[in-house]
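One structure is given below, encoded as structure tokens.
The values are calculated or read from the model by the stated rules, or taken from the named source; none is laboratory data. What you see is a predicted model, and the numbers here were worked out from it, not measured in a lab. Methodologically, a virtual Cβ is constructed for each residue, glycine included, from the backbone with ideal geometry; neighbour enumeration extends over all protein chains shown. Ligands, DNA and RNA are excluded from the accessible area calculation, which covers all protein heavy atoms including side chains. Shrake-Rupley method; radii C 1.70, N 1.55, O 1.52, S 1.80 Å.
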Amino acid sequence: MSRRDWLIVGAGFTGAVLAERIATQLDQSVLVIDRRGHIAGNAYDYPENGLLVHRYGPHIFHTNSERVWRYLSGFTEWRPYFHKVLGMVDGRLVPVPFNIDSILALFPPRMADRLCDTLIQRFGFGQKVPILKLRTEADPDLRFLADYVYEKVFEGYTLKQWGMRPEDLSASVTARVPVFVSRDDRYFQDRYQAMPRAGYTALFERLLDHPRIRVELNAEYRDVASSVPHDRTVFTGPIDEFFDYTHGALPYRSLRFERRVEKPPCGLPVGTVNYPNEFDFTRITDQRHLGGAPDVDPLLITEYPESYSVGVNEPYYPIPSTATTPLLERYLASADSLDGRVFFAGRLGDYAYYNMDQACARALALFEKRIAPLVTGQAPSGRIAVSA
Ligand SMILES: Cc1cc2nc3c(=O)[nH]c(=O)nc-3n(C[C@H](O)[C@H](O)[C@H](O)COP(=O)(O)OP(=O)(O)OC[C@H]3O[C@@H](n4cnc5c(N)ncnc54)[C@H](O)[C@@H]3O)c2cc1C
């Protein structure tokens with residue numbers, strides 16, 4: 001293959017957005033590779049029985065970033081979608097994140113009213129309170145509620161999902177599980193919430209559809225890097241893998257997905273049902289809701305969290321914690337020493353728990369602040385923060 005200006009490793013959000021920017025804004029040639037047999041990274045979806053199935057678990061697009069929303073809207077039309085989640089708590093399905101309706105469903109009426117009043121007076125209606133913060137409250141009703149939610153909704157789920165106690169995880173993970181002082185039962189409250197109308201894979205096809213971009217699938221970085229001449233690299237795979245685990249292996253969490261097609265009425269009433277306490281799996285998703293196809297047979301995807309082993313399963317989640325920070329810092333220092341030749345970005349390249357909009361924002365920022373100035377001869381230095 002002829003020489004390329006850029007080799008981009010990974011055809012997920014990070015790699016595809018950077019490829020699009022480099023090709024269209026800098027007119028440079030890009031080879032995008034992925035070791036998987038498809039584009040779109042973890043957001044990959046495919047058609048089956050009238051549905052778009054998310055192969056790597058439910059992916060719901062949500063963002064407060066007008067910039068990311070506008071950028072991606074250049075490559076897809078959207079279908080509005082508000083994701084709803086119920087959790088199985090004490091034998092009842094109640095809204096998750098835990099909210100006022102969850103309280104009303106689980107406790108006797110007078111007790112529920114008192115708990116709701118106390119919560120509203122203390123924090124204000126419409127506020128989100130991280131569960132670990134609620135546990136530090138002095139009021140006995142709030143402490144009771146905090147302990148209840150902690151034990152019945154949070155602790156078991158966290159132990160299953162991460163294989164760790166909540167306290168040992170970074171606040172960037174635990175802050176994702178609030179008590180919501182509201183009756184809003186949407187899982188997200190972002191300004192923009194939607195699914196790509198033709199699916200994520202179609203969105204990626206449009207991102208990558210440019211004469212200066214070539215895509216190679218089932219292609220491993222090590223093989224391509226030595227056989228295809230290129231000037232610079234963007235690596236969106238695991239940063240520790242890139243450096244051959246020189247400083248030691250960073251921890252990741254993996255998942256096993258089990259799917260089955262049911263006949264109505266066996267589908268779920270909402271997109272996802274969480275099981276914080278019972279069973280070995282964490283949640284089941286009914287793809288009909290995500291796919292906007294209520295009349296087809298329910299396709300249920302069950303997620304079993306697993307420990308991660310190199311070469312055995314996928315590193316889906318970095319596990320940010322105080323214990324992993326020093327190791328990550330060593331890898332980031334190694335990455336800095338390659339500055340200008342190899343850039344790291346994305347959920348695995350940055351080892352950060354990004355959502356899709358954050359991965360997209362990170363790619364746009366990397367392009368604007370580092371890559372474009374480098375190519376046009378005005379290279380600044382320093383790491384780039386994400387602001388989706
Ligand atoms: C179960 C699950 C559910 C999620 N749900 C949501 C959600 O609802 N909403 C949301 O916003 N986000 C969600 N996310 C997060 C979302 O998947 C990420 O934000 C997004 O995928 C990040 O994109 P990326 O390009 O950084 O990484 P990825 O999508 O992981 O892409 C990286 C690509 O690099 C390839 N690669 C790695 N190493 C190599 C190598 N050596 N050679 C060749 N190729 C390589 C991989 O095969 C992969 O395709 C979810 C994630 C998971 C795991």
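As an exercise, use a Förster radius of 51 Å and the Cβ-Cβ distance of residue 279 and residue 1 to find the FRET efficiency, rounded to the nearest 0.05.
Numbers: r = 49 Å, r/R0 = 0.95.
Computed FRET efficiency for residue 279 and residue 1: 0.55.
How high is the FRET efficiency from residue 368 to residue 114, r the C-beta distance, R0 56 Å, rounded to 0.05? Walk me through the intermediate numbers first.
Details: r = 52 Å, r/R0 = 0.93.
For residue 368 and residue 114, the calculated efficiency is 0.60.
Filter the trypsin sites (Lys or Arg not before Pro) in region 47-140 down to the DSSP loop ones having no more than 12 other Cβ atoms within 10 Å, then list what survives.
Values: sites: 55, 67, 70, 84, 92, 110, 114, 122, 128, 133, 135; in loops: 55, 135.
Passing both the DSSP loop test and the Cβ count: no residue.
If Rh is defined by the Kirkwood formula over all Cα pairs and Rg also comes from Cα, what ratio Rg/Rh do you get for region 270-363? Can you show the working numbers first?
Working: Rg = 18.1 Å, Rh = 16.6 Å.
We get a ratio of 1.09 for region 270-363.
Suppose we keep just the DSSP beta bridges with both residues in region 1-159; what percent of those would be antiparallel, to 5?
On the way: 9 of 13 bridges.
Here the share of antiparallel DSSP bridges comes out near 70 percent.
What length, rounded to one decimal in nm, is gained on full extension from residue 135 through to residue 297, with 0.36 nm per residue of separation minus their alpha-carbon distance?
54.1 nm
For a bin width of 10 Å, list the pair-distance distribution of region 75-226 built from all Cα-Cα distances, rounded to whole %.
The percentages, shortest bin first, are 9, 30, 24, 17, 12, 6, 1.
Within the chain, what percent of beta bridges assigned by DSSP are antiparallel, to the nearest 5? If you can, show how the numbers build up before the last one.
Details: 37 of 58 bridges.
Bridges in the chain that DSSP calls antiparallel: roughly 65 percent.
Let's test the formula: R0 of 35 Å, r as the Cβ-Cβ distance of residue 339 and residue 127. What FRET efficiency results, to the nearest 0.05? All intermediate terms of the calculation are to be shown ahead of the outcome.
Working: r = 42 Å, r/R0 = 1.20.
Efficiency at R0 = 35 Å is approximately 0.25.
How much of the accessible area of the chain, probe 1.4 Å, is carbon plus sulfur, in whole percent?
On the way: 8430 of 17080 Å².
After summing per-atom areas, the C and S share lands at 49 percent.
Label region 158-299 by shape, choosing from rounded, prolate and oblate, from the square roots a ≥ b ≥ c of the eigenvalues of the Cα gyration tensor; if a/c is under 1.5 it is rounded, and otherwise prolate applies when a/b is larger than b/c, oblate when it is not. Write out the running numbers ahead of the final one.
Details: a/c = 2.01, a/b = 1.36, b/c = 1.48.
Since a/c reaches 1.5 but b/c is at least a/b, the shape of region 158-299 is classed as oblate.
Please give, to one decimal in nm, the separation of the simple spin-label points placed at residue 147 and residue 231, each 7 Å out from Cα toward the Cβ.
Each label point is offset 7 Å from its Cα along the Cβ direction, giving 6.4 nm.
Solvent-accessible area of residue 236, probe 1.4 Å, all protein chains present, reported in Å² to the nearest ten, please.
Accessible area of residue 236: about 20 Å².
Which number comes out as Rg/Rh for the chain once both Rg and the Kirkwood Rh are worked out on C-alpha atoms? Numbers along the way, then the final one.
Working: Rg = 22.1 Å, Rh = 22.4 Å.
Taking Rh as the inverse mean 1/r over Cα pairs, Rg/Rh reads 0.99.
Need one number: nm distance between label points at residue 198 and residue 260, each 7 Å from Cα along Cα→Cβ, rounded to one decimal.
For the pair residue 198/residue 260, the computed spacing is 3.5 nm.
To the nearest 500 deg cm²/dmol, what mean residue ellipticity at 222 nm is calculated for the chain from DSSP H runs of n ≥ 4 alone, each contributing -39,500 (n - 2.57), summed and divided by the residues?
Details: 16 runs with 125 residues, N = 388.
Computed mean residue ellipticity for the chain: -8500 deg cm²/dmol.
What is the ratio of the Cα radius of gyration of region 258-297 to 2.2 N^0.38 Å, with N the residue count, to two decimals?
Details: Rg = 10.7 Å, N = 40, 2.2 N^0.38 = 8.9 Å.
Ratio of Cα Rg to 2.2 N^0.38 Å: 1.20.
Along the Cα→Cβ direction, 7 angstrom out, place labels at residue 243 and residue 310. What is the inter-label distance in nm?
1.3 nm
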